[in-house]
1. Return the FRET efficiency for the residue pair GLU141, LYS115: r is the Cβ-Cβ distance, R0 is 45 Å, and the value is rounded to the nearest 0.05.
2. So how long is each side of the chain along the principal axes, counting just the alpha-carbon atoms, biggest first, in Å?
3. May I ask you to compute the full-extension gain from GLU38 to GLU17, defined as 0.36 nm times their residue separation minus their alpha-carbon distance, rounded to one decimal in nm?
4. Would you work out the relative contact order for region 62-167, in percent, from Cα pairs under 8 angstrom that are 6 or more residues apart?
5. Beyond 20 Å between alpha-carbons counts as too far, so tell me which of LYS12/LYS115; LYS87/LYS151; LYS87/LYS173; LYS151/LYS173; LYS12/LYS32 fall in that bin.
6. Roll a 1.4 Å probe over the protein chains and send me the accessible area per residue for the chain in Å².
7. If I compute solvent accessible area with a 1.4 Å probe over the protein chains, what percent of it on the chain is carbon and sulfur?
8. How high is the relative contact order of the chain, in percent, with contacts defined as C-alpha pairs under 8 Å that are six or more residues apart?
Amino acid sequence: MSRITKEPEVRKQEILETAIAVFAERGYEKTKMSDIAEKMGVAQGLCYRYFPSKEALFDSAVEEYAHILAAPMIAVVCDASLSLRQKVERFPGYMEVETQDNTYYPVFHQEGSKKIHDQLSIQVGEIMMPYVADAIKLAHENGETQICDDKTAASFCVFGQMGILLDHQMDGKERGDRIRAFLLDVFFHAQVQNHSEELRI
């Protein structure tokens, strides 16, 4: 019987997906690399060939899930046909893109998973930062907003909303509505105020 060999990227992805399934089933703390190898039906050394530790494997899983969550948000932010106001109004909130119907969700929402979920949130934010900064810079150049410090504004937009996102006394829709309303006020209130002052002059 011939040995089946797979391309490195295919094998690496297979290990990652298996690890996510095992993390979801057993929890991160209780999972060992040997559990992942056993689930795949391969030698434990194969897993270590691609990931030097369970921590490195989990960090890769966090990064992959972060990119999955960021993708629909980036699509809106980078849509050249939309104004900044439209981007804010149509921006899918974190709680809208993180749905329960994928294999990653249980890993980050188990009891005691706050620390790893916070790690995920930061990773998503870091991915989003340059795209949001570019959108704000373009909006300023087009005269849509008076805000000119795109990097500070982007950091505020991305990471400043964490307090609202983590406030589970509000449902997901209310959190999203509050964030959008506040961002619209930040980006456009100053512009309206300046225009009113010009009219008074």
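1. Working: r = 40 Å, r/R0 = 0.89.
Once the sixth-power term is evaluated, E becomes 0.65.
2. 86, 37, 24
3. Difference between extended and current length: 6.2 nm.
4. Over region 62-167, the number comes to 31 percent.
5. Distance filter (> 20 Å) returns LYS12/LYS115; LYS151/LYS173.
6. Heavy-atom accessible area per residue stands at 60 Å².
7. Carbon-and-sulfur percentage of accessible area, whole number: 53.
8. 19 percent
The values are calculated or read from the model by the stated rules, or taken from the named source; none is laboratory data. Just so you know, these numbers come straight off a predicted model, no measurement behind them. No Cβ is skipped: glycine too gets one built from the backbone with ideal geometry, and neighbour counts run over all protein chains shown. Please note that ligands, DNA and RNA were not included when accessible areas were found on the heavy atoms of the full protein model with its side chains. Shrake-Rupley method; radii C 1.70, N 1.55, O 1.52, S 1.80 Å.
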